[in-house]
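Here is the structure we will look at, set down as C-alpha coordinates.
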Amino acid sequence: MGSDSNPTGGEKHAGQQTNGSAKDLEQMKTYASEGKPPSGFGARHVQTLLLFFGLTVAYALRVNLSVAIVAMVDRHAANKDYEEFDWDEKTKSVILSSFFWGYVVTQIPAGQLAQRFGPKVLLLLSIGVCSVLAVLTPFCAHIGDAKAVVGLRIVQGLSQGFIFPSTHTMLSRWAPASERGRLGTLSYAGAQFGTVIMLAISGVLASSSMGWPSIFYISGAVGILWSVVWFFYGSNSPAEYRGIAPEEREFIESSFGQQDHSRRIVTPWMAILTSPPMIALTIAHMVHNWGFWTLLTEMPSYMKEVLKKDIKKNALLSSLPYLVMWILSFVFSPLSDFLTNRQYLSRVASRKLFNTIGLWVPMAALLGLAFVPKGGSDLAIVLLTLAVGINSATYLGFQVNHLDLAPNHAGTMMGITNCAANIMSIIAPLIVGEVVTDASDPIQWRWVFYIAAGFYFFGNLVFIIFGKADIQPWNESESPVPSAISSANDVQPARIAGNTTGHNENHSD
(Lines give C-alpha, C1' and ligand atoms only; values in the text may rest on other atoms or scores of the structure.)
Protein backbone atom coordinates (compact mmCIF):
# COMPACT_ATOMS: atom_id res chain seq x y z
CA MET A 1 0.00 0.00 0.00
CA GLY A 2 3.00 2.27 0.41
CA SER A 3 3.23 2.53 -3.36
CA ASP A 4 -0.18 4.26 -3.65
CA SER A 5 1.18 7.73 -3.18
CA ASN A 6 4.18 7.20 -5.47
CA PRO A 7 3.84 3.96 -7.40
CA THR A 8 6.79 4.50 -9.71
CA GLY A 9 9.08 6.78 -7.78
CA GLY A 10 11.82 6.39 -5.17
CA GLU A 11 14.96 4.26 -5.06
CA LYS A 12 14.81 0.53 -5.65
CA HIS A 13 15.67 -0.57 -2.14
CA ALA A 14 14.22 -4.03 -2.71
CA GLY A 15 12.93 -6.07 -5.59
CA GLN A 16 9.60 -6.46 -3.83
CA GLN A 17 8.85 -2.75 -4.08
CA THR A 18 9.66 -2.70 -7.79
CA ASN A 19 7.50 -5.74 -8.41
CA GLY A 20 4.67 -4.20 -6.38
CA SER A 21 4.79 -1.03 -8.45
CA ALA A 22 4.81 -2.98 -11.68
CA LYS A 23 1.84 -5.01 -10.45
CA ASP A 24 -0.05 -1.80 -9.58
CA LEU A 25 0.61 -0.37 -13.04
CA GLU A 26 -0.50 -3.59 -14.73
CA GLN A 27 -3.69 -3.61 -12.65
CA MET A 28 -4.35 0.02 -13.54
CA LYS A 29 -4.07 -0.82 -17.25
CA THR A 30 -6.51 -3.70 -16.79
CA TYR A 31 -9.13 -1.48 -15.12
CA ALA A 32 -8.69 1.21 -17.76
CA SER A 33 -8.97 -1.15 -20.74
CA GLU A 34 -11.89 -3.18 -19.40
CA GLY A 35 -13.76 -0.32 -17.70
CA LYS A 36 -14.06 -2.59 -14.70
CA PRO A 37 -14.85 -0.78 -11.42
CA PRO A 38 -12.58 -1.62 -8.48
CA SER A 39 -14.39 -3.62 -5.84
CA GLY A 40 -15.21 -2.34 -2.38
CA PHE A 41 -15.87 1.06 -0.86
CA GLY A 42 -13.55 3.52 -2.57
CA ALA A 43 -12.53 7.14 -2.45
CA ARG A 44 -15.26 8.09 -4.93
CA HIS A 45 -17.84 6.70 -2.52
CA VAL A 46 -16.33 8.73 0.31
CA GLN A 47 -16.69 11.92 -1.74
CA THR A 48 -20.25 11.01 -2.74
CA LEU A 49 -21.22 10.36 0.87
CA LEU A 50 -19.72 13.69 1.91
CA LEU A 51 -21.69 15.44 -0.84
CA PHE A 52 -24.88 13.70 0.30
CA PHE A 53 -24.44 14.98 3.86
CA GLY A 54 -23.30 18.37 2.59
CA LEU A 55 -26.55 18.82 0.67
CA THR A 56 -28.47 17.46 3.66
CA VAL A 57 -26.95 20.23 5.79
CA ALA A 58 -27.44 22.87 3.09
CA TYR A 59 -31.16 22.20 2.78
CA ALA A 60 -31.59 21.93 6.54
CA LEU A 61 -30.06 25.41 6.81
CA ARG A 62 -32.28 26.62 3.99
CA VAL A 63 -35.62 25.42 5.39
CA ASN A 64 -35.04 25.72 9.15
CA LEU A 65 -36.80 29.07 9.24
CA SER A 66 -40.03 27.73 7.69
CA VAL A 67 -41.06 25.98 10.94
CA ALA A 68 -39.12 28.21 13.33
CA ILE A 69 -40.96 31.32 12.18
CA VAL A 70 -44.27 29.79 13.33
CA ALA A 71 -42.95 29.67 16.90
CA MET A 72 -41.12 32.99 16.60
CA VAL A 73 -44.37 34.90 15.98
CA ASP A 74 -46.51 32.89 18.42
CA ARG A 75 -44.85 31.76 21.66
CA HIS A 76 -47.98 29.81 22.58
CA ALA A 77 -47.36 27.54 19.56
CA ALA A 78 -44.27 26.10 21.25
CA ASN A 79 -42.19 26.94 24.34
CA LYS A 80 -43.65 30.07 25.97
CA ASP A 81 -40.37 31.06 27.64
CA TYR A 82 -38.75 32.39 24.49
CA GLU A 83 -38.96 35.70 22.68
CA GLU A 84 -41.90 36.47 20.42
CA PHE A 85 -41.84 38.83 17.42
CA ASP A 86 -44.67 40.97 16.11
CA TRP A 87 -44.34 40.14 12.42
CA ASP A 88 -47.40 40.31 10.15
CA GLU A 89 -47.87 38.09 7.11
CA LYS A 90 -46.11 40.51 4.75
CA THR A 91 -43.08 40.74 7.02
CA LYS A 92 -42.94 36.96 7.33
CA SER A 93 -43.12 36.61 3.55
CA VAL A 94 -40.25 39.08 3.11
CA ILE A 95 -38.14 37.16 5.62
CA LEU A 96 -38.89 33.80 3.99
CA SER A 97 -38.08 35.07 0.49
CA SER A 98 -34.93 37.01 1.42
CA PHE A 99 -32.70 33.94 1.20
CA PHE A 100 -33.22 33.88 -2.55
CA TRP A 101 -32.29 37.54 -3.00
CA GLY A 102 -28.70 36.52 -2.42
CA TYR A 103 -29.02 33.04 -3.90
CA VAL A 104 -29.75 34.21 -7.45
CA VAL A 105 -26.75 36.56 -7.55
CA THR A 106 -24.08 33.86 -7.31
CA GLN A 107 -25.67 31.21 -9.56
CA ILE A 108 -24.04 32.02 -12.90
CA PRO A 109 -20.52 32.98 -11.70
CA ALA A 110 -20.35 30.06 -9.28
CA GLY A 111 -19.61 27.47 -11.96
CA GLN A 112 -16.69 29.45 -13.34
CA LEU A 113 -15.26 30.00 -9.86
CA ALA A 114 -15.56 26.30 -9.05
CA GLN A 115 -13.57 25.50 -12.16
CA ARG A 116 -10.89 28.08 -11.38
CA PHE A 117 -10.41 27.60 -7.63
CA GLY A 118 -11.74 24.07 -7.19
CA PRO A 119 -15.08 22.98 -5.70
CA LYS A 120 -13.64 21.93 -2.33
CA VAL A 121 -12.86 25.42 -1.05
CA LEU A 122 -16.14 26.84 -2.36
CA LEU A 123 -18.21 24.14 -0.65
CA LEU A 124 -16.21 24.63 2.55
CA LEU A 125 -16.78 28.39 2.60
CA SER A 126 -20.38 28.14 1.43
CA ILE A 127 -21.63 25.70 4.07
CA GLY A 128 -19.24 26.97 6.74
CA VAL A 129 -20.39 30.60 6.43
CA CYS A 130 -24.05 29.60 6.20
CA SER A 131 -23.73 27.43 9.31
CA VAL A 132 -22.12 30.16 11.42
CA LEU A 133 -24.84 32.59 10.37
CA ALA A 134 -27.51 30.05 11.36
CA VAL A 135 -26.07 29.94 14.88
CA LEU A 136 -26.19 33.76 14.98
CA THR A 137 -29.83 33.97 13.82
CA PRO A 138 -31.49 34.15 17.29
CA PHE A 139 -29.03 36.86 18.38
CA CYS A 140 -29.62 38.91 15.21
CA ALA A 141 -33.39 38.58 15.61
CA HIS A 142 -33.10 39.81 19.22
CA ILE A 143 -30.99 42.89 18.48
CA GLY A 144 -32.20 43.82 15.01
CA ASP A 145 -35.66 42.30 14.62
CA ALA A 146 -36.91 41.54 11.10
CA LYS A 147 -34.38 43.73 9.26
CA ALA A 148 -31.42 41.91 10.81
CA VAL A 149 -32.92 38.51 9.97
CA VAL A 150 -33.52 39.59 6.37
CA GLY A 151 -29.92 40.78 6.04
CA LEU A 152 -28.60 37.54 7.51
CA ARG A 153 -30.72 35.40 5.20
CA ILE A 154 -29.52 37.36 2.17
CA VAL A 155 -25.90 36.56 3.06
CA GLN A 156 -26.83 32.92 3.64
CA GLY A 157 -28.38 32.87 0.16
CA LEU A 158 -25.23 34.40 -1.34
CA SER A 159 -23.11 31.68 0.24
CA GLN A 160 -25.41 28.81 -0.78
CA GLY A 161 -25.47 29.97 -4.39
CA PHE A 162 -22.14 28.20 -4.83
CA ILE A 163 -23.31 24.80 -3.64
CA PHE A 164 -24.96 23.28 -6.70
CA PRO A 165 -22.37 24.46 -9.27
CA SER A 166 -19.61 23.19 -6.97
CA THR A 167 -21.39 19.85 -6.53
CA HIS A 168 -21.75 19.55 -10.32
CA THR A 169 -18.01 20.20 -10.64
CA MET A 170 -17.17 17.62 -7.98
CA LEU A 171 -19.20 14.94 -9.73
CA SER A 172 -17.71 15.86 -13.10
CA ARG A 173 -14.31 14.91 -11.66
CA TRP A 174 -15.19 12.00 -9.39
CA ALA A 175 -18.07 10.09 -11.00
CA PRO A 176 -16.98 7.73 -13.82
CA ALA A 177 -19.35 7.36 -16.73
CA SER A 178 -20.64 3.93 -15.74
CA GLU A 179 -21.52 5.10 -12.21
CA ARG A 180 -22.43 8.72 -12.75
CA GLY A 181 -26.18 8.25 -12.49
CA ARG A 182 -25.89 6.22 -9.32
CA LEU A 183 -23.40 8.52 -7.57
CA GLY A 184 -25.26 11.61 -8.73
CA THR A 185 -28.54 10.26 -7.40
CA LEU A 186 -27.04 9.54 -4.00
CA SER A 187 -25.40 12.97 -3.80
CA TYR A 188 -28.48 14.99 -4.69
CA ALA A 189 -30.79 12.85 -2.57
CA GLY A 190 -29.29 14.76 0.34
CA ALA A 191 -31.34 17.83 -0.61
CA GLN A 192 -34.71 16.20 0.04
CA PHE A 193 -33.32 14.22 2.98
CA GLY A 194 -32.23 17.46 4.65
CA THR A 195 -35.66 18.97 4.07
CA VAL A 196 -37.37 15.95 5.61
CA ILE A 197 -35.12 15.82 8.67
CA MET A 198 -35.24 19.55 9.38
CA LEU A 199 -39.00 19.85 9.02
CA ALA A 200 -39.56 16.71 11.09
CA ILE A 201 -37.43 17.72 14.10
CA SER A 202 -38.07 21.47 14.10
CA GLY A 203 -41.42 21.18 15.88
CA VAL A 204 -39.93 18.96 18.57
CA LEU A 205 -37.01 21.34 19.09
CA ALA A 206 -39.28 24.42 19.25
CA SER A 207 -41.43 22.74 21.91
CA SER A 208 -38.46 21.54 23.95
CA SER A 209 -36.79 23.32 26.85
CA MET A 210 -34.33 24.86 24.37
CA GLY A 211 -37.13 26.56 22.41
CA TRP A 212 -37.10 27.78 18.84
CA PRO A 213 -33.48 29.07 18.98
CA SER A 214 -32.32 25.45 19.18
CA ILE A 215 -33.51 24.94 15.58
CA PHE A 216 -30.81 27.32 14.44
CA TYR A 217 -28.16 26.26 16.96
CA ILE A 218 -28.38 22.57 16.12
CA SER A 219 -28.60 22.93 12.33
CA GLY A 220 -25.72 25.41 12.41
CA ALA A 221 -23.58 23.18 14.65
CA VAL A 222 -24.10 20.19 12.35
CA GLY A 223 -23.07 22.35 9.40
CA ILE A 224 -19.88 23.42 11.16
CA LEU A 225 -19.13 19.78 11.98
CA TRP A 226 -19.60 18.82 8.32
CA SER A 227 -17.26 21.65 7.28
CA VAL A 228 -14.51 20.28 9.55
CA VAL A 229 -14.91 16.77 8.14
CA TRP A 230 -14.98 18.14 4.59
CA PHE A 231 -11.78 20.13 5.19
CA PHE A 232 -9.89 16.94 6.03
CA TYR A 233 -11.52 14.42 3.71
CA GLY A 234 -12.95 16.37 0.77
CA SER A 235 -10.87 16.56 -2.40
CA ASN A 236 -11.17 18.43 -5.69
CA SER A 237 -10.24 15.41 -7.80
CA PRO A 238 -8.78 11.89 -7.66
CA ALA A 239 -5.36 13.34 -8.52
CA GLU A 240 -5.38 15.37 -5.29
CA TYR A 241 -6.71 12.63 -3.00
CA ARG A 242 -3.73 11.05 -1.25
CA GLY A 243 -5.51 7.92 -0.02
CA ILE A 244 -6.96 6.74 -3.34
CA ALA A 245 -5.88 3.35 -4.70
CA PRO A 246 -4.08 3.64 -8.06
CA GLU A 247 -6.53 1.32 -9.82
CA GLU A 248 -9.50 3.41 -8.66
CA ARG A 249 -7.87 6.62 -9.82
CA GLU A 250 -7.14 5.10 -13.22
CA PHE A 251 -10.69 3.76 -13.47
CA ILE A 252 -12.16 7.23 -12.82
CA GLU A 253 -9.77 9.27 -14.93
CA SER A 254 -9.77 6.90 -17.91
CA SER A 255 -13.55 7.29 -18.24
CA PHE A 256 -13.08 11.01 -19.01
CA GLY A 257 -10.60 10.53 -21.85
CA GLN A 258 -7.86 13.00 -22.65
CA GLN A 259 -8.67 16.49 -21.41
CA ASP A 260 -7.24 19.78 -22.64
CA HIS A 261 -8.16 22.59 -20.27
CA SER A 262 -6.12 25.22 -22.15
CA ARG A 263 -8.86 25.69 -24.74
CA ARG A 264 -12.44 26.57 -23.89
CA ILE A 265 -15.77 26.42 -25.67
CA VAL A 266 -17.17 29.65 -27.06
CA THR A 267 -20.57 30.28 -25.44
CA PRO A 268 -23.22 31.28 -28.05
CA TRP A 269 -25.15 33.56 -25.69
CA MET A 270 -27.57 34.96 -28.28
CA ALA A 271 -28.39 31.53 -29.71
CA ILE A 272 -29.02 30.15 -26.22
CA LEU A 273 -31.19 33.04 -25.07
CA THR A 274 -33.31 33.10 -28.25
CA SER A 275 -33.74 29.34 -28.70
CA PRO A 276 -37.44 28.34 -28.38
CA PRO A 277 -36.65 25.00 -26.65
CA MET A 278 -34.37 26.83 -24.20
CA ILE A 279 -37.06 29.43 -23.50
CA ALA A 280 -39.59 26.63 -22.92
CA LEU A 281 -37.14 24.91 -20.59
CA THR A 282 -36.57 28.14 -18.65
CA ILE A 283 -40.31 28.75 -18.26
CA ALA A 284 -40.85 25.17 -17.03
CA HIS A 285 -38.07 25.63 -14.47
CA MET A 286 -39.54 28.95 -13.32
CA VAL A 287 -43.09 27.68 -12.77
CA HIS A 288 -41.78 24.62 -10.97
CA ASN A 289 -39.94 26.83 -8.50
CA TRP A 290 -43.00 29.01 -7.97
CA GLY A 291 -45.12 26.09 -6.82
CA PHE A 292 -42.38 24.20 -5.00
CA TRP A 293 -41.18 27.11 -2.88
CA THR A 294 -44.68 28.47 -2.27
CA LEU A 295 -45.55 25.17 -0.61
CA LEU A 296 -42.22 24.69 1.15
CA THR A 297 -42.17 28.12 2.81
CA GLU A 298 -45.89 28.52 3.49
CA MET A 299 -47.07 25.00 4.32
CA PRO A 300 -46.26 25.22 8.08
CA SER A 301 -48.31 28.43 8.38
CA TYR A 302 -51.22 26.89 6.44
CA MET A 303 -51.21 23.78 8.64
CA LYS A 304 -51.19 25.81 11.83
CA GLU A 305 -53.72 28.50 10.95
CA VAL A 306 -56.15 26.63 8.67
CA LEU A 307 -55.75 22.96 9.54
CA LYS A 308 -55.21 23.78 13.25
CA LYS A 309 -52.28 21.40 13.70
CA ASP A 310 -50.01 22.02 16.69
CA ILE A 311 -46.37 22.68 15.90
CA LYS A 312 -45.17 19.12 16.57
CA LYS A 313 -47.75 17.54 14.24
CA ASN A 314 -47.31 20.51 11.90
CA ALA A 315 -43.59 19.87 11.50
CA LEU A 316 -43.97 16.12 11.01
CA LEU A 317 -46.78 16.53 8.49
CA SER A 318 -44.88 19.28 6.67
CA SER A 319 -41.97 16.88 6.19
CA LEU A 320 -44.14 14.04 4.85
CA PRO A 321 -44.51 15.41 1.26
CA TYR A 322 -40.72 15.77 0.95
CA LEU A 323 -40.17 12.24 2.22
CA VAL A 324 -42.54 11.01 -0.49
CA MET A 325 -40.73 13.18 -3.04
CA TRP A 326 -37.38 11.72 -1.98
CA ILE A 327 -38.66 8.16 -2.30
CA LEU A 328 -40.40 8.72 -5.65
CA SER A 329 -37.26 10.21 -7.17
CA PHE A 330 -35.80 6.68 -6.98
CA VAL A 331 -38.94 5.26 -8.62
CA PHE A 332 -39.30 7.62 -11.57
CA SER A 333 -35.63 7.46 -12.58
CA PRO A 334 -35.46 3.72 -13.41
CA LEU A 335 -38.94 3.90 -14.94
CA SER A 336 -37.75 6.59 -17.34
CA ASP A 337 -34.65 4.54 -18.23
CA PHE A 338 -36.82 1.47 -18.84
CA LEU A 339 -39.22 3.28 -21.17
CA THR A 340 -36.49 4.93 -23.23
CA ASN A 341 -33.96 2.09 -23.28
CA ARG A 342 -36.65 -0.37 -24.42
CA GLN A 343 -37.76 2.24 -26.97
CA TYR A 344 -41.31 2.35 -25.72
CA LEU A 345 -40.99 6.15 -25.76
CA SER A 346 -38.77 8.53 -27.68
CA ARG A 347 -36.57 10.80 -25.60
CA VAL A 348 -38.69 13.89 -26.24
CA ALA A 349 -41.90 11.97 -25.45
CA SER A 350 -40.36 10.75 -22.20
CA ARG A 351 -39.31 14.28 -21.22
CA LYS A 352 -42.79 15.66 -21.86
CA LEU A 353 -44.55 12.73 -20.18
CA PHE A 354 -42.60 13.00 -16.92
CA ASN A 355 -42.78 16.78 -16.94
CA THR A 356 -46.56 16.53 -17.32
CA ILE A 357 -46.77 14.06 -14.44
CA GLY A 358 -44.57 16.34 -12.32
CA LEU A 359 -46.51 19.55 -13.00
CA TRP A 360 -50.08 18.75 -14.02
CA VAL A 361 -50.77 16.09 -11.36
CA PRO A 362 -49.68 18.57 -8.64
CA MET A 363 -51.82 21.19 -10.42
CA ALA A 364 -54.88 18.97 -10.03
CA ALA A 365 -53.98 18.34 -6.37
CA LEU A 366 -53.72 22.08 -5.69
CA LEU A 367 -57.09 22.72 -7.32
CA GLY A 368 -58.57 19.99 -5.13
CA LEU A 369 -56.90 21.53 -2.09
CA ALA A 370 -58.63 24.82 -2.80
CA PHE A 371 -62.02 23.16 -2.26
CA VAL A 372 -61.27 21.07 0.80
CA PRO A 373 -64.13 21.76 3.26
CA LYS A 374 -63.61 22.78 6.87
CA GLY A 375 -62.70 19.79 8.96
CA GLY A 376 -61.15 18.02 5.99
CA SER A 377 -57.59 18.25 7.29
CA ASP A 378 -56.78 14.63 6.44
CA LEU A 379 -57.79 15.15 2.81
CA ALA A 380 -55.80 18.39 2.71
CA ILE A 381 -52.68 16.61 3.92
CA VAL A 382 -53.11 13.87 1.30
CA LEU A 383 -53.44 16.47 -1.45
CA LEU A 384 -50.44 18.46 -0.19
CA THR A 385 -48.38 15.28 -0.10
CA LEU A 386 -49.46 14.44 -3.64
CA ALA A 387 -48.75 17.98 -4.89
CA VAL A 388 -45.17 17.91 -3.59
CA GLY A 389 -44.30 14.22 -3.87
CA ILE A 390 -45.29 13.73 -7.53
CA ASN A 391 -43.31 16.86 -8.35
CA SER A 392 -40.18 14.66 -8.35
CA ALA A 393 -41.13 13.45 -11.86
CA THR A 394 -39.83 16.77 -13.19
CA TYR A 395 -36.32 15.44 -12.47
CA LEU A 396 -36.84 13.36 -15.63
CA GLY A 397 -38.52 16.24 -17.46
CA PHE A 398 -37.16 19.75 -17.73
CA GLN A 399 -34.38 19.25 -15.18
CA VAL A 400 -32.32 17.02 -17.49
CA ASN A 401 -33.35 18.78 -20.69
CA HIS A 402 -30.30 21.08 -20.63
CA LEU A 403 -28.15 18.06 -21.52
CA ASP A 404 -30.48 16.99 -24.33
CA LEU A 405 -30.32 20.36 -26.05
CA ALA A 406 -26.62 21.21 -25.77
CA PRO A 407 -24.18 18.98 -23.85
CA ASN A 408 -21.36 21.45 -24.47
CA HIS A 409 -23.24 24.31 -22.79
CA ALA A 410 -25.36 22.49 -20.23
CA GLY A 411 -23.51 24.11 -17.31
CA THR A 412 -24.14 27.63 -18.58
CA MET A 413 -27.74 26.79 -19.38
CA MET A 414 -28.28 25.38 -15.89
CA GLY A 415 -26.97 28.61 -14.41
CA ILE A 416 -29.34 30.68 -16.56
CA THR A 417 -32.48 28.66 -15.83
CA ASN A 418 -31.70 28.23 -12.13
CA CYS A 419 -31.10 31.96 -11.77
CA ALA A 420 -34.42 32.79 -13.46
CA ALA A 421 -36.25 30.08 -11.50
CA ASN A 422 -35.01 31.36 -8.16
CA ILE A 423 -36.25 34.84 -8.94
CA MET A 424 -39.65 33.16 -8.81
CA SER A 425 -38.67 31.73 -5.43
CA ILE A 426 -38.28 35.33 -4.24
CA ILE A 427 -41.55 36.58 -5.67
CA ALA A 428 -43.79 33.66 -4.66
CA PRO A 429 -43.69 34.18 -0.85
CA LEU A 430 -44.13 37.93 -1.37
CA ILE A 431 -47.29 37.34 -3.41
CA VAL A 432 -48.57 35.04 -0.68
CA GLY A 433 -48.01 37.88 1.79
CA GLU A 434 -50.12 40.18 -0.36
CA VAL A 435 -52.90 37.66 -0.92
CA VAL A 436 -53.09 36.18 2.58
CA THR A 437 -53.77 39.02 5.03
CA ASP A 438 -55.59 36.69 7.44
CA ALA A 439 -53.71 33.40 7.69
CA SER A 440 -56.73 31.65 9.19
CA ASP A 441 -58.97 32.44 6.21
CA PRO A 442 -59.16 29.39 3.89
CA ILE A 443 -60.68 31.53 1.11
CA GLN A 444 -57.52 33.61 0.91
CA TRP A 445 -55.35 30.47 0.82
CA ARG A 446 -57.55 29.21 -2.01
CA TRP A 447 -56.16 31.98 -4.23
CA VAL A 448 -52.60 30.94 -3.37
CA PHE A 449 -53.39 27.45 -4.66
CA TYR A 450 -55.14 28.83 -7.77
CA ILE A 451 -52.09 30.91 -8.68
CA ALA A 452 -49.65 28.02 -8.24
CA ALA A 453 -51.91 25.68 -10.24
CA GLY A 454 -52.15 28.27 -13.02
CA PHE A 455 -48.38 28.56 -13.24
CA TYR A 456 -48.02 24.78 -13.38
CA PHE A 457 -50.57 24.57 -16.22
CA PHE A 458 -49.00 27.33 -18.30
CA GLY A 459 -45.39 26.21 -17.85
CA ASN A 460 -45.98 22.61 -18.81
CA LEU A 461 -48.15 23.60 -21.78
CA VAL A 462 -45.28 25.72 -23.14
CA PHE A 463 -42.88 22.82 -22.58
CA ILE A 464 -45.19 20.39 -24.42
CA ILE A 465 -45.51 22.73 -27.41
CA PHE A 466 -41.95 24.05 -27.75
CA GLY A 467 -39.81 21.58 -25.81
CA LYS A 468 -37.34 19.38 -27.67
CA ALA A 469 -34.84 16.70 -26.72
CA ASP A 470 -32.47 16.68 -29.68
CA ILE A 471 -29.09 18.43 -29.80
CA GLN A 472 -29.41 21.97 -31.11
CA PRO A 473 -27.21 23.35 -33.95
CA TRP A 474 -25.58 25.91 -31.64
CA ASN A 475 -24.18 23.14 -29.46
CA GLU A 476 -21.15 22.98 -31.78
CA SER A 477 -20.70 26.74 -32.12
CA GLU A 478 -17.13 27.11 -33.41
CA SER A 479 -15.82 25.11 -30.49
CA PRO A 480 -12.10 24.33 -30.63
CA VAL A 481 -12.72 21.50 -28.17
CA PRO A 482 -14.62 18.30 -29.08
CA SER A 483 -17.77 17.87 -27.04
CA ALA A 484 -16.58 14.62 -25.50
CA ILE A 485 -13.55 16.45 -24.14
CA SER A 486 -15.17 19.68 -23.09
CA SER A 487 -17.93 17.92 -21.22
CA ALA A 488 -15.42 16.46 -18.79
CA ASN A 489 -14.99 19.75 -16.99
CA ASP A 490 -16.66 22.64 -18.78
CA VAL A 491 -20.16 21.16 -18.55
CA GLN A 492 -20.95 20.07 -15.06
CA PRO A 493 -24.43 18.60 -15.52
CA ALA A 494 -23.22 16.62 -18.54
CA ARG A 495 -20.75 14.83 -16.33
CA ILE A 496 -23.50 13.83 -13.94
CA ALA A 497 -25.93 12.47 -16.43
CA GLY A 498 -24.04 9.40 -17.53
CA ASN A 499 -22.51 10.44 -20.88
CA THR A 500 -22.39 13.39 -23.22
CA THR A 501 -25.24 12.14 -25.33
CA GLY A 502 -27.55 11.75 -22.40
CA HIS A 503 -28.34 8.05 -22.60
CA ASN A 504 -28.11 7.50 -18.88
CA GLU A 505 -30.21 10.26 -17.43
CA ASN A 506 -30.82 10.67 -13.76
CA HIS A 507 -32.71 13.18 -11.69
CA SER A 508 -29.44 14.42 -10.18
CA ASP A 509 -29.10 16.97 -13.00
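Largest to smallest in accessible area, the residues S209, S131 fall in the order S209, S131 (1.4 Å probe, all protein chains included). Put simply, when 95-107, 444-456 are sorted by average Cβ atoms within 10 angstrom per residue, most first, you get 95-107, 444-456.
Values of log10 I(q)/I(0) for the range 42-255 across q = 0.07, 0.09, 0.16 Å⁻¹ run -0.24, -0.38, -0.99, by the Debye formula with one identical scatterer at each alpha carbon and no solvent. Nonpolar atom fraction for the range 42-255, defined as the carbon and sulfur part of the 1.4 Å probe accessible area, stands at 66 percent. Just so you know, the Rg over Rh for the range 268-475 is 1.01, from Cα atoms, with Rh as the Kirkwood radius.
In the complete set of protein chains, residue-level accessible area for K92 is approximately 20 Å², probe 1.4 angstrom. For L273, the solvent-accessible surface with a 1.4 Å probe is about 100 Å², rounded to the nearest 10. Rolling a 1.4 angstrom probe over the protein heavy atoms with all chains in place gives the range 268-475 an accessible area of 37 Å² per residue. Packing here is the average count of other Cβ atoms within 10 Å per residue, and on that basis the peptides 384-391, 162-169, highest first, run 162-169, 384-391. Can you grab the distance from the C-alpha centre of the range 139-202 to the C-alpha centre of the range 352-398, Å, no decimals? So the separation of the two Cα centres works out to 24 Å.
The heavy atoms of K308 present about 140 square angstrom of accessible area, all protein chains included, probe 1.4 Å. Over the range 42-255, accessible surface divided per residue gives 35 Å², non-protein components excluded, 1.4 Å probe.
Taking all Cα pairs closer than 8 Å and separated by 6 or more residues, the relative contact order of the range 42-255 comes to 39 percent. Based on C-alpha pairs under 8 angstrom that are at least 6 apart in sequence, the range 338-389 has a relative contact order of 31 percent.
The values are calculated or read from the model by the stated rules, or taken from the named source; none is laboratory data. Keep in mind that this is a model prediction, so the values were computed, not measured. Note that we place each Cβ from the backbone using ideal geometry, even for glycine, and neighbour counts take in every protein chain shown. The area values use the complete protein model at the heavy-atom level, side chains included, leaving out ligands, DNA and RNA. Shrake-Rupley method; radii C 1.70, N 1.55, O 1.52, S 1.80 Å.
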